[in-house]
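Undergrad: Just dropping this structure here.
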Amino acid sequence: MKAASILCLAVLGMTGECLHAQLVRQPNTTLNLPATLPAATGYTTTNAITFAGGGGMTFTNPMCTAFPNGETNRLYVAQRAGVVRVVNNLSAATPSQAIFMDLASYLTSIGQSLPFADENGLLSMVFHPDYNDNGCFYLYFSITLSGQLHQRLARFQATGTPGSYNAAASADPATMTPLLTIYDQAINHNGGDLAFGADGYLYLSLGDEGGGGDFYNNARFINKDFWGQMIRLDVDNRPENLTPNAHAQPGPVSSAIHAGTYKVPADNPFIAFTSWHGQTIVPATVRTEIFATGFRNPFRFTIDPPTGRIFLGDVGQLNWEEVDIVVKGGDYGWSWREGFHEFFQSATVPPRFPDNSGGNTNAPPVNGFTPIDPIFEYVSDLSAGGTIYGPSVCGGIVYRGNQLTELQGKYIFGDVYGGGGIIAALTETSPGVWTAQQLTTRQQIVDFGTDPRNGEPLLCSLQGTIYRLVRNGITGTEPPATLSATGAFSNLATLTPGAGIVAYDPNVNFWSDYAIKSRWFSIPNTTDTITFSATGNWTFPTGTVWIKHFDFETTRGVPATRRKLETRFLVKTATDVYGLSYKWRADQSDADLVAEAGLTEEISSSLPSQTWRYPSRGECVTCHTPVGGHALSFNTPQLNRARDYGTGLQNQLQALSDAGYFSAAVTGVNNLAAFAAANDTSQSLEWRVRSYLAVNCVQCHQPGGASQGSWDARITTKTDAANLINGLLVNNDGDTANRFIVPGDTTHSILLRRQQGNGITRMPPLGTFERDLVNEQLVSDWIAALSTRQNFTQWQTAQSPPVGDVGDDPDHDGRSNLLEFLTGTNPHASSSGWSYGVMQSGGGVAQFQFTHPANRAAIIEVSSDLITWRTWDAPGNLPFYPAADTTRTITASLGSPDRFFRVRFEEL
């Protein structure tokens with residue numbers, strides 16, 4: 001359906017002029033900021049858990065680290081022999097450790113004379129997302145039953161009480177509830193990593209069962225065993241999900257599945273498949289738990305929290321190690337391929353298909369084989385060339401910490417043995433294009449976890465130490481240590497900016513915990529320019545600087561208690577941006593540079609008491625994303641408003657254009673969109689909510705953004721296409737009635753719950769501790785109003801009788817159904833129509849009066865020949881969405897020989 005319709009009118013017009021006040025562009029010579037932040041000359045590793053008196057904590061063959069949601073001061077370490085240890089008081093001068101659970105008596109290793117010389121043991125641990133309430137955690141480990149090796153996924157229960165399990169001191173292994181007990185014919189390729197996704201489901205990676213060359217022919221099939229797969233399980237048994245297919249197996253455990261312990265997510269990708277790799281299969285035999293297939297030994301993977309992307313390291317056979325991004329339904333090609341390359345199968349390996357067809361050839365099937373390429377591969381042996389090499393890739397983690405800003409967003413991974421244990425980083429230089437750099441080396445890193453204190457990566461070495469990455473040197477210019485040294489202000493007391501530093505105001509403020517903000521920008525020379533876009537992101541020259549200052553009322557609502565709190569800088573580099581924060585001193589004389597990792601503290605004498613976050617440099621680039629345009633409030637709908645530059649009010653866009661800040665003059669400023677503030681009740685609820693979402697969420701929530709959510713915050717996407725109303729969720733929180741927005745239902749509208757932090761993480765997730773009550777009420781009001789909102793399809797069926805397509809005209813009044821829908825008129829009554837007043841012209845001025853329908857844009861266009869139309873460059877003729885039907889009058893000059901008018905209506 002088209003979202004616009006037009007009505008034509010005519011009038012004679014003449015030309016006229018419009019004068020503006022003048023903003024004069026000046027160079028800036030005072031700013032003293034480095035072009036880029038200092039760079040690391042290299043990295044090393046050091047013990048992450050240290051003692052004040054020297055030395056650090058060690059463990060016995062640690063396999064992985066874990067901690068539950070909400071924990072910041074305890075770390076759990078799963079040791080290979082079956083003991084789970086908990087480190088208490090991580091931030092203390094002398095942290096301590098204790099046994100949390102001892103599972104050793106359940107574990108096994110083939111070849112007891114060499115315990116765990118194979119690839120068995122306690123391999124992985126993960127906490128349920130609601131662990132603090134339910135006390136559940138999950139382990140994947142090796143177990144011998146009647147003398148035969150199995151791999152088991154099981155749930156355990158901590159000892160404690162609901163609502164405080166994060167403080168639990170122990171767990172009893174007797175609480176074990178097996179979910180899967182999988183018969184294992186070999187001692188290697190068990191895979192064995194666990195993680196919960198944002199969807200609330202449990203993911204488990206499994207190798208091809210071992211033996212070399214996919215000896216048991218598992219990885220090519222979705223209807224045999226779980227080996228060679230990544231599986232996804234609903235461990236909460238949600239009612240909308242499915243019972244798994246039966247899975248008989250040899251040995252003392254006749255079924256790999258423990259009935260009733262989990263369900264299969266209804267959207268798992270291989271449900272009801274009848275063919276695979278060109279072979280007919282029976283749907284009841286499909287392992288519907290499979291999320292992705294075709295792996296050799298996916299020993300470690302990570303689900304990146306902001307993006308939801310699954311990065312996985314798949315250990316190669318002979319020549320190639322690979323890193324994959326796993327997608328639902330993906331086939332990664334083993335054992336037809338190793339990395340990007342054909343894998344040459346040994347004659348000792350069984351035939352390709354279970355019916356013995358295909359012989360020992362390794363040619364893939366002609367039909368039904370579409371493997372996904374790795375994002376990176378490297379050679380197993382140094383002799384083959386390359387600085388990154390090794391025989392056993394260990395999947396890593398996307399850096400989201402605060403202490404190594406230059407690594408932000410890079411994928412950190414390693415090789416267990418190669419080159420002394422190479423640690424490397426992958427950078428996505430453009431979509432789908434990755435480059436690698438070696439960072440350092442450390443032997444036998446078998447897991448990359450996260451430090452609950454600060455989000456830094458934890459590198460788990462089988463040799464006994466949990467490491468962290470640190471720089472071993474830097475090069476470059478450090479940023480100024482004080483605000484006064486930046487050269488931004490000629491007078492700190494009054495915050496008078498230096499020459500060439502220009503103030504600006506946005507239409508809608510980003511929520512900043514009741515702070516009062518002022519903003520400036522500068523392009524230090526007078527030759528570099530901004531590339532303007534009416535609807536998209538602007539492009540900025542290297543060296544552009546934005547400054548944002550925060551004042552704070554220590555007694556909320558009392559202006560006399562206002563004081564300076566923080567001043568931030570954002571600097572455009574040749575490839576990205578970097579951010580700096582300065583904390584104002586108590587005496588207000590100056591502000592000091594905040595450390596790279598940022599700072600969280602209570603605001604002195606605040607009433608009510610309030611905590612403030614001075615962002616880390618990593619957090620700056622987390623929000624100021626390329627997809628969001630880097631400078632989040634520096635765009636057309638934010639700056640399209642008036643400001644006094646000292647010579648009277650002037651539109652900011654026009655002023656910047658006239659001063660030469662854009663690469664080309666901006667035309668038609670009168671017709672550009674402008675965001676609506678929450679308290680502007682003349683504009684519709686929907687437009688105010690869309691403005692709020694665009695300002696506060698668009699840096700992540702749009703195609704290409706970092707968020708996992710499928711809704712689109714951009715105002716260029718119509719509401720009915722943005723997955724806002726009744727939009728499906730990544731995680732419905734166990735309630736199938738939950739949607740992004742449910743008309744008339746605040747209880748099941750997750751947007752409002754996200755704003756409130758009602759049982760789930762509050763959004764936006766960084767830099768805020770206070771609820772935005774004004775915009776919560778705005779969204780709540782909109783949800784209530786949506787109970788009467790209709791899209792075109794709903795409007796069609798609501799008519800009596802229902803009407804046809806957009807172009808139909810049942811009352812023969814010359815107005816299509818779409819126009820009747822947009823103007824709120826009756827499609828069955830020719831007497832019901834949109835009204836407009838008398839058009840006048842004189843002295844080169846035209847006037848047009850009309851009824852502007854509620855929550856619709858009404859854009860007047862002009863033409864001289866009824867063929868070529870353009871938007872009338874008249875004040876007020878912009879995409880404006882009134883709260884109610886409104887009589888409006890547009891008055892402006894006309895360009896000769898324009899004589900005809902028409903109005904284009906658009907829905908939001």
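The values are calculated or read from the model by the stated rules, or taken from the named source; none is laboratory data. Predicted, not measured: the structure shown is a model, and the values here were computed from it. Note: ideal-geometry Cβ built from the backbone for every residue, glycine included; neighbour counts use all protein chains shown. These accessible areas exclude ligands, DNA and RNA; they are computed on the full protein's heavy atoms, side chains included. Shrake-Rupley method; radii C 1.70, N 1.55, O 1.52, S 1.80 Å.
Undergrad: Within region 570-674, what whole-number % of the accessible surface is contributed by carbon and sulfur, with the 1.4 Å probe and all protein chains included in the calculation?
TA: Numbers: 2020 of 3900 Å².
Answer for region 570-674 is 52 percent, counting heavy atoms of protein chains only.
Undergrad: Per residue, how much accessible area does the chain have with a 1.4 Å probe, in Å²?
TA: 39 Å²
Undergrad: Projecting each Cα onto the charge dipole of region 547-615 (Lys/Arg +1, Asp/Glu -1 at the beta carbon, about the Cα centre), which of H549, A574, T611 comes out farthest on the positive side?
TA: H549
Undergrad: Subtracting the Cα-Cα distance from 0.36 nm times the residue separation, let me have the gained length for T46 to A174 in nm, one decimal.
TA: Residue separation times 0.36 nm, minus the Cα-Cα distance, leaves 42.4 nm.
Undergrad: Listed highest first by mean packing, meaning other Cβ atoms within 10 Å per residue, what order do 850-857, 817-824, 775-782 come in?
TA: 817-824, 850-857, 775-782
Undergrad: Arrange the peptides 793-801, 461-469 so that the one whose residues have, on average, the most other Cβ atoms within 10 Å appears first.
TA: So the peptides 793-801, 461-469, ranked by packing, come out 461-469, 793-801.
Undergrad: Just to confirm my numbers, what's the Cα centroid distance between region 249-317 and region 629-683 in Å?
TA: Taking the Cα centre of region 629-683 as reference, the centre of region 249-317 is 52 Å away.
Undergrad: Now a separate question. Using a Förster distance of 25 Å, how high is the FRET efficiency between Q443 and S91, based on the Cβ-Cβ distance and rounded to 0.05?
TA: E(calc), rounded to 0.05, equals 0.35.
Undergrad: Ignoring ligands, DNA and RNA, please state the percent of accessible area on region 22-142 from carbon and sulfur, probe 1.4 Å.
TA: The computed percentage sits at 50.
Undergrad: Another question about this same structure. Work from the charge dipole of region 71-215 (Cβ charges, +1 for Lys and Arg, -1 for Asp and Glu, about the Cα centre) and give the residue of Y165, T94, P178 farthest towards its positive end.
TA: Comparing the listed Cα positions along the dipole, T94 ranks first.
Undergrad: Per DSSP H run of n ≥ 4, the term is -39500 (n - 2.57); total these for the chain, divide by its residue number, and report the mean residue ellipticity at 222 nm rounded to 500 deg cm²/dmol.
TA: Counting only the DSSP helices, I get -2000 deg cm²/dmol.
Undergrad: Another question, if that's okay. Determine the alpha carbon to alpha carbon distance for each of K410/K583; K517/K572; K410/K564 and list only those over 31 Å.
TA: Working: K410/K583 29 Å; K517/K572 21 Å; K410/K564 35 Å.
Checking Cα-Cα distances, K410/K564 exceed 31 Å.
Undergrad: Same structure, new question: Take the Cβ-Cβ distance between T285 and L145 as r, set R0 to 25 Å, and report the resulting FRET efficiency rounded to the nearest 0.05.
TA: E(calc), rounded to 0.05, equals 0.55.
Undergrad: Now for a separate question. Output the peptides 331-341, 827-837 sorted from most to least packed, where packing is the average of other Cβ atoms within 10 Å over each peptide's residues.
TA: Most protected by this proxy first, the peptides run 331-341, 827-837.
Undergrad: Could you sort R688, R904, R400 by accessible area so the largest value comes first, with the probe set to 1.4 Å? If you can, show how the numbers build up before the last one.
TA: Details: R688 25, R904 55, R400 85 Å².
The residues order as R400, R904, R688, largest area first.
Undergrad: Hey, got the dipole for the chain? About the Cα centre, +1 on K and R Cβ, -1 on D and E Cβ, debye to the nearest 20? Write out the running numbers ahead of the final one.
TA: Working: 57 positive and 79 negative charges, 265 e Å.
My answer is approximately 1280 debye.
Undergrad: Sticking with this structure for a sec: Any chance you could check the Cα centroid distance between region 416-430 and region 179-200 for me, in angstrom?
TA: 25 Å
Undergrad: Just tell me which aspartates and glutamates come within less than 13 Å, Cα to Cα, of K263; anything on the same chain fewer than 8 places away is out.
TA: D234, D236, E240, E289
Undergrad: Now, a different point. Please list the non-local residues whose amide H lies under 5 Å from the amide H of E338, H modeled 1.01 Å from N, same-chain partners needing a gap of 5 or more.
TA: For E338, whose amide H was placed from the backbone, the distant partners under 5 Å are F343.
Undergrad: Given charges of +1 on the Cβ of Lys and Arg and -1 on the Cβ of Asp and Glu, with all other atoms neutral, how large is the dipole of region 644-758 about its Cα centre, in debye to the nearest 20?
TA: 140 debye
Undergrad: Working out 0.36 nm times the residue gap between A737 and S275, then minus their Cα-Cα distance, what length gain in nm do you get to one decimal?
TA: 162.9 nm
Undergrad: First compute the accessible area of region 226-292 with a 1.4 Å probe, then give the percent of it belonging to carbon and sulfur atoms.
TA: Roughly 59 percent, rounded to a whole number.
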